[in-house]
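Comments concern the structure below.
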Amino acid sequence: MKKVLVTGGAGFIGSHLCKRLLNEGNEVICLDNYFSSNKSNIIDLTSNPYFEMVRHDITQPYFAEVDEIYNLACPASPIYYQHDPIKTIQTSILGAIHMLGLAKRLNAKILQASTSEVYGDPLVHPQKEDYWGNVNPIGLRSCYDEGKRCAETLFIDYNLQNNVAIKIVRIFNTYGPNMNVNDGRVVSNFIVQALKGEDITIYGDGEQTRSFQYVDDLVEGMMRMMQSEPSFLGPVNLGNPNEFSMLQLAKTIISLTNSTSKIVHLPLPKDDPRQRQPDISLAKEKLNGWQPTIQLEEGLKKTIHYFDKKLKKTS
Ligand code: UDP
């Protein structure tokens, strides 16, 4: 039985990862400050004696004896990470330093949840890992994008300088149950609006694209990455290459929910990337043929079911 630390374990992705790790017979410590996450995401796990919740902010050091660390802690939705940009960048950078220091001391393996945001508003399409990105260093998204870019640098340097066993995954847009109702990202916004019969808010013309990955596919990819051959450090893209415009997404969600909602257009936020699509050939090659297995409609149906239950409970 391995002891695994998951920072940000009560968050949307972290909660799914904690569950999978427990199901596979690991002991899990879930670290979270609950800024953008929710205890309700992990409440079902608390009856498992091999699961431990710790309220902690990774901008402060943390010590525990573990074999593996998944470093996920950081608000990831623009409205949350832009709420306190200095804190966001501290979470990425100080958090990475503290967790890498812990991994070094324990000789533990550590995986960084990086992001497709490191590619910024990409000039290359689809994005491969060797693309350096097109990121504004002083924009609204910079606290998140540059924080995550610097965290990647720290991971690589701890490996080069201190031989820490690191892994980096770059996560593309992901959705699924356990997203916050008020998360602010597009899939949860559209589903909640459709279920409530409210206007569907498309920012800009709706022609911008994203590639949406269902959370179970991501968790599978992250776990395969942690167990991949020691010389493979990444970064590796994890995402679903099927690309959709926001207009297509809105129409699909309206149809799946049989909603009466109308589409309205609001101003496009500054620095909003036009296009994003992962090239996942490296993940396929290095992670035993990993590729997403759940396509958009199927994943949306599961997510709609989750939000429907959640909204009924709170109404
Ligand atoms: N978006 C939208 N309506 C919303 C929320 C987001 O049209 O209610 C757009 C947003 O401008 C962006 C895309 O959907 O072009 C994805 O936004 P999200 O915040 O989900 O992720 P990110 O921009 O970080 O990829």
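All of the numbers you see were taken from the coordinates with simple rules; none came from a lab. Note that this is a predicted model, so its numbers are computed, not measured. FYI the Cβ positions are ideal-geometry reconstructions off the backbone, even for glycines, and counts take in every protein chain you see.
How much net charge surrounds PHE35 when only the other residues with a Cβ under 10 Å from the Cβ of PHE35 are counted, with Lys and Arg +1 and Asp and Glu -1? All intermediate terms of the calculation are to be shown ahead of the outcome.
Numbers: positive: LYS87; negative: ASP32, ASP57, ASP84.
Once all neighbours under 10 Å are counted, the net charge is -2.
In Å³ and rounded to a whole number, note down the convex hull volume per residue for the Cα atoms of the range 119-197. Don't skip to the end; give the middle numbers.
On the way: hull volume 11.5 nm³, N = 79.
In the range 119-197, the Cα convex hull volume per residue is 146 Å³.
Counting Lys and Arg as +1 and Asp and Glu as -1, what is the net charge of the other residues whose Cβ lies under 12 Å from the Cβ of ILE89? Don't skip to the answer; put the middle values down first.
Values: positive: LYS87, ARG141, LYS148, ARG149; negative: ASP84, ASP145, GLU146.
Taking every other residue near ILE89 into account, the sum is +1.
Shown for THR153, THR209, THR257, THR314: other C-beta atoms within 10 Å of each C-beta, ranked fewest to most, produce the order THR314, THR153, THR209, THR257. Couplings 3J(HN,Hα) of the range 61-76, computed from phi: x, 9, 10, 7, 7, 9, 9, 9, 10, 9, 9, 10, 5, 3, x, 10 Hz, in residue order, whole Hz [Karplus 6.51 cos²θ - 1.76 cosθ + 1.60, θ = phi - 60°; x for Gly and Pro].
Evaluate 2.2 N^0.38 Å with N set to the residue count of the range 264-315, then give the Cα radius of gyration divided by it. Display every interim value, and only then the final one.
Values: Rg = 17.3 Å, N = 52, 2.2 N^0.38 = 9.9 Å.
That works out to 1.75 for the range 264-315.
Specify whether the C-alpha gyration tensor of the range 165-216 places it in the rounded, prolate or oblate class, a ≥ b ≥ c being the square roots of the eigenvalues: rounded for a/c under 1.5, otherwise prolate if a/b is larger than b/c and oblate if not. Verdict is oblate for the range 165-216.
Helix-only estimate, please: 222 nm mean residue ellipticity of the chain, summing -39500 (n - 2.57) across DSSP H runs of length 4 or more and dividing by its residues, to the nearest 500. Before the final figure, lay out the partial values.
On the way: 9 runs with 119 residues, N = 315.
Computed mean residue ellipticity for the chain: -12000 deg cm²/dmol.
Which of rounded, prolate or oblate describes the range 168-315 when judged by the alpha-carbon gyration tensor and an a/c cut-off of 1.5? Numbers along the way, then the final one.
On the way: a/c = 2.47, a/b = 1.69, b/c = 1.46.
Note, shape of the range 168-315 comes out prolate.
Close Lys pairs in the range 1-141, defined as Cα atoms under 20 Å apart and 8 or more places apart or on different chains, number 8. Could you list which residues have their amide H under 5 Å from that of GLY184, counting only those 5 or more apart in sequence or on another chain, with H placed in the peptide plane? So GLY184 has HN proximity to ASN189.
Take the range 225-303, drop everything but the C-alpha atoms, weight them equally and run the Debye formula without solvent; then report log10 I(q)/I(0) at 0.13, 0.18 Å⁻¹ to two decimals. Here log10 of I(q) over I(0) equals -0.61, -0.91. Per-residue Cβ neighbour counts within 10 Å put ARG149, ARG170, ARG105, ARG20 in the sequence ARG105, ARG20, ARG149, ARG170, beginning with the fewest. Once backbone amide H atoms are built at 1.01 Å from N, MET53 has CYS30 as its partners under 5 Å, excluding neighbours fewer than 5 places away on the same chain.
Projected label points at LYS312 and GLN248, each 7 Å from Cα along the beta carbon direction, are separated by 3.1 nanometres. Using a Förster distance of 35 angstrom, determine the FRET efficiency expected from the C-beta separation of GLN60 and ASP205, and round it to 0.05. Plugging the Cβ-Cβ distance into 1/(1 + (r/R0)^6) gives 0.20. Once backbone amide H atoms are built at 1.01 Å from N, GLY234 has ILE168 as its partners under 5 Å, excluding neighbours fewer than 5 places away on the same chain.
According to the Kirkwood relation over distinct C-alpha pairs, the hydrodynamic radius of the chain is 19.7 Å.
Classify the range 6-67: rounded, prolate or oblate, from the alpha-carbon gyration tensor (a ≥ b ≥ c, eigenvalue square roots; a/c under 1.5 rounded; otherwise prolate if a/b is larger than b/c)? Here the range 6-67 falls in the oblate category.
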